[in-house]
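Visitor: Right, I'll just put the structure down here and ask away after.
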Amino acid sequence: MKRIGILTGGGDAPGLNAVIRAAVKTAITSYGCEVLGIRDGYDGFLNEQGIIPLEMKDVSGILSRGGTILGAANRGNPYARKVMRNGREVTIDVSDEIVKGIQRLKMDALLVLGGDGTLRIAHEFYLKGAPVIGVPKTIDNDIGGTEVTFGFDTALNIATDAIDRLHTTAEAHHRVMVLELMGREAGFIALHAGVAGGADVILIPEIPFKFESVIAKIRQRVAHGSSFSILAVSEGAKPLGGTQVFSRGGDEIYVPRLGGISQVVGEYIEKQGFETRVTVLGHLQRGGTPTAFDRWLATRYGAAAVRLAARGGFDRMVALRGGQITDVALEEALAVPRRVDLNEDAVITARGMGISFGDE
Ligand code: F6P
């Protein structure tokens, strides 16, 4: 193994730099291998300044830094790229150009740090001849084949801290506080932070909710002497028989942007006579210093990805199973997205303690 590349695709997640650092250090120290960084996801293969050498000095001091030193792009669908041709905007497929770019650089492996979209593209590029290896990244924790993605723990801690802070002001003002959390179609952030922060109601995409059940829980709390309530709401949550709420529609470049369900829920609650405030935590969940767990996981993933590359384990993704780092075929990891399992102990524990999911 003489030369490997690393790229970070999709939305950023805390721990990306820790993966890059571990991969560069392992590649140079253990294999005497050259490392190239690809800027702004797959886009880096399409422009001259898109490829940069990564040496030990380049990864010094980045372990605890959020974001990614390589930049990321989540409008990077290589099959539908908008470009100007003869003064007109047209959509073209640049996937072959990217694969040729990978091959031209004579990389023995390309480590792709990404969520499901970026990893799906990596798998397709493998079928076109690129030696890809995946590393599962996302705060949403929605990738199959692994127990956890890096970035999730940091988002969870930020969300839990937000719930803690809402608690004190909710109690002081006898209010209902609705906190909207990220996660797309997976409710892990709201579920875990809701339990860790002591939320009274948790609404997640996996359990469609009824407005009346949410109100019943708030009323029950008032009847038991608690004049405030906290709701942790996934951005992808939806009412039974209703639809998700989007702040922006999608097109061939962008996926639709979820957002606004907390406002809908908050307005309903207020109409029932409970003073309510809504907070959307947004990108605070993705920014800043990764937790120790995410640094530890990201470091193990980065080093394991290089070892996998040295073994020629292409079209595979490093994964955590039973606390051990292993690897799975990308196709297997992408076959079934990870969602909250309603029969697992997290949901059972929450229900058993009286937390409402708005469905009973
Ligand atoms: O997938 C990570 C994530 O933060 C989701 O939780 C959220 O829906 C989305 O990305 C936001 O994307 P953007 O950064 O493009 O607004």
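Since every read-out is calculated from the coordinates, none of them should be taken as a lab result. Quantities reported herein were computed from a predicted structural model and do not represent experimental measurements. In this analysis, Cβ positions are derived from the backbone assuming ideal geometry, glycine residues included, and neighbour counts consider all displayed protein chains.
Visitor: Once Rh for the stretch 119-235 is found with the Kirkwood sum over Cα pairs, what is the Stokes-Einstein diffusion coefficient at 37 °C and 0.692 mPa s, in µm²/s?
Guide: My calculation gives 207 µm²/s for D.
Visitor: Also, I was wondering about something else. Sorting check: for 68-74, 344-350, which peptide has the highest mean count of neighbouring beta carbons within 10 Å, and how do the rest follow? Provide the component values of the computation, followed by the final result.
Guide: Values: 68-74: 20.1, 344-350: 13.9.
Ranking, from highest mean packing down: 68-74, 344-350.
Visitor: Count the net charge of all other residues whose Cβ sits under 10 Å from the Cβ of G67, scoring Lys and Arg as +1 and Asp and Glu as -1.
Guide: Numbers: positive: R65, R286; negative: D12.
With Lys, Arg at +1 and Asp, Glu at -1, the neighbours total +1.
Visitor: So, one more: If I stretch the segment between D341 and Q49 completely, what's the gain in nm (0.36 nm per residue apart, minus their alpha carbon distance), one decimal?
Guide: Details: separation 292, 0.36 × 292 = 105.12 nm, distance 4.42 nm.
Additional length available on full extension: 100.7 nm.
Visitor: Quote the charge dipole size of the chain about the Cα centre in Debye, to the nearest 20; the model charges only the Cβ of Lys and Arg (+1) and of Asp and Glu (-1). Before the final figure, lay out each step's value.
Guide: Values: 40 positive and 42 negative charges, 160 e Å.
Charge dipole of the chain: 780 debye, to the nearest 20.
Visitor: Hey, with R₀ at 45 Å, roughly what FRET efficiency would M353 and R248 work out to, going by the Cβ-Cβ distance, to 0.05? The partial results should precede the final answer.
Guide: Working: r = 36 Å, r/R0 = 0.81.
That pair, M353 with R248, gives E of 0.80.
Visitor: List R300, R277 from most exposed to least, where exposure is judged by having the fewest other Cβ atoms within 10 Å.
Guide: Details: R300 18, R277 15.
So the ranking, lowest neighbour count to highest, is R277, R300.
Visitor: Follow-up question, since we're still on this one. Based on the Cα gyration tensor of the stretch 68-134, what are the three equivalent ellipsoid semi-axes, each the root of five times an eigenvalue, rounded to whole Å and given largest first?
Guide: Result for the stretch 68-134: semi-axes of 23, 15, 11 Å.
Visitor: May I pose another question? Projected onto the charge dipole of the stretch 3-152 (+1 at Lys/Arg Cβ, -1 at Asp/Glu Cβ, origin at the Cα centre), which of G114, F45, N17 gives the Cα projection farthest towards the positive end?
Guide: F45
Visitor: For the chain, what relative contact order do you get, as a whole percent, if you take Cα pairs closer than 8 Å and at least 6 residues apart? Let's see the in-between values first.
Guide: On the way: 833 pairs, mean separation 79.1, N = 360.
Over the chain, the number comes to 22 percent.
Visitor: On to the next question. Put a dot 7 Å past each Cα toward the Cβ at K106 and R88; how far apart are the dots in nm?
Guide: So the label points at R88 and K106 sit 4.2 nm apart.
Visitor: Under a point-charge model restricted to the Cβ atoms of Lys and Arg (+1) and Asp and Glu (-1), what is the dipole moment magnitude of the stretch 99-247 relative to its Cα centre, in debye to the nearest 20?
Guide: Numbers: 14 positive and 16 negative charges, 77 e Å.
Once rounded to the nearest 20, the dipole reads 360 debye.
Visitor: Across the stretch 139-150, in residue order, what do the Karplus-derived ³J(HN,Hα) couplings come to in whole Hz, using 6.51 cos²θ - 1.76 cosθ + 1.60 with θ = phi - 60° and x for Gly and Pro?
Guide: Per-residue couplings from phi come out as 5, 6, 6, 10, 9, x, x, 9, 6, 7, 9, 6 Hz.
Visitor: From the phi angles alone, apply the Karplus equation (6.51, -1.76, 1.60; θ = phi - 60°) to the stretch 54-69 and give each ³J(HN,Hα) in whole Hz, x where the residue is Gly or Pro.
Guide: Computed from phi, the couplings for the stretch 54-69 are 10, 10, 3, 5, 6, 9, 6, x, 9, 3, 9, 8, x, x, 8, 5 Hz.
Visitor: Let me ask something else about it. Towards the positive end of the charge dipole of the stretch 170-280, with charges on Cβ (+1 Lys, Arg; -1 Asp, Glu), say which of I207, I230, G249 has the farthest Cα.
Guide: Result: I230, furthest along the dipole toward the positive end.
Visitor: Determine the calculated [θ] at 222 nm for the chain from helices alone, applying -39500 (n - 2.57) to every DSSP H run no shorter than 4 residues and normalising by the residue count; nearest 500 deg cm²/dmol. Numbers along the way, then the final one.
Guide: Details: 10 runs with 127 residues, N = 360.
My calculation for the chain gives -11000 deg cm²/dmol from helical runs alone.
Visitor: Moving on to the next point. Using each residue's phi in the stretch 34-50, evaluate 6.51 cos²θ - 1.76 cosθ + 1.60 at θ = phi - 60° and report the 3J(HN,Hα) Karplus result to the nearest Hz, with x for Gly and Pro.
Guide: Running phi through 6.51 cos²θ - 1.76 cosθ + 1.60 with θ = phi - 60° gives 7, 10, 10, x, 10, 7, 6, x, 5, 4, x, 6, 9, 9, 5, 8, x Hz.
Visitor: Oh, and also: Quick one: check the C-alpha center-to-center distance for the stretch 54-124 versus the stretch 273-287, whole angstrom.
Guide: Taking the Cα centre of the stretch 273-287 as reference, the centre of the stretch 54-124 is 32 Å away.
Visitor: While we're here: Determine the dipole magnitude for the stretch 1-104: charges of +1 sit on the beta-carbon of Lys and Arg, -1 on that of Asp and Glu, nothing else is charged, the reference point is the Cα centre, and the result goes in debye to the nearest 20. Display every interim value, and only then the final one.
Guide: Details: 14 positive and 11 negative charges, 10 e Å.
Taking the Cα centre of the stretch 1-104 as origin, the dipole is about 40 debye.
Visitor: 5 Å is the cut-off here: which amide hydrogens, built 1.01 Å from N in the peptide plane, fall below it relative to L203, excluding neighbours closer than 5 in sequence?
Guide: Answer set, sorted by chain and number: A232, V233, S234.
Visitor: Summing Lys, Arg as +1 and Asp, Glu as -1, what charge do residues with Cβ under 10 Å from the Cβ of E331 carry, E331 excluded?
Guide: Values: positive: R120, R316; negative: D315, E332.
Around E331, the surrounding residues sum to 0.
Visitor: What net charge is computed for the residues neighbouring V201, neighbours being all others with C-beta under 10 Å from the C-beta of V201, Lys and Arg scored +1, Asp and Glu -1?
Guide: Working: positive: K217, R221; negative: D200.
Once positives and negatives cancel, what remains is +1.
Visitor: Also: Provide the convex hull volume over Cα atoms per residue for the stretch 103-187, in Å³. Could the numbers behind the result be given before it?
Guide: Numbers: hull volume 9.1 nm³, N = 85.
Per-residue hull volume (Cα only) is 107 Å³.
Visitor: Give the calculated FRET efficiency between A292 and T168 to the nearest 0.05, with a Förster radius of 25 Å applied to their Cβ-Cβ distance. Walk me through the numbers before you get to the answer.
Guide: Details: r = 26 Å, r/R0 = 1.03.
FRET efficiency, A292 to T168: 0.45.
Visitor: Moving to a separate point now. Quick one: divide the alpha-carbon radius of gyration of the chain by 2.2 N^0.38 Å and tell me what you get. Show your work: numbers first, answer last.
Guide: Working: Rg = 21.9 Å, N = 360, 2.2 N^0.38 = 20.6 Å.
Rounded to two decimals, the normalised Rg is 1.06.
Visitor: What FRET efficiency, computed as 1/(1 + (r/R0)^6) with R0 = 35 Å and r the Cβ-Cβ distance, is obtained for R65 and T326, rounded to the nearest 0.05? Working shown, then result.
Guide: Numbers: r = 28 Å, r/R0 = 0.79.
The formula returns an efficiency of 0.80 here.
Visitor: Now for a different question. If amide hydrogens are placed 1.01 Å from N in the peptide plane, which non-local residues have theirs closer than 5 Å to the one on G134?
Guide: Residues meeting the criterion, in which the H sits 1.01 Å from N, are V112, R316, M317, V318.
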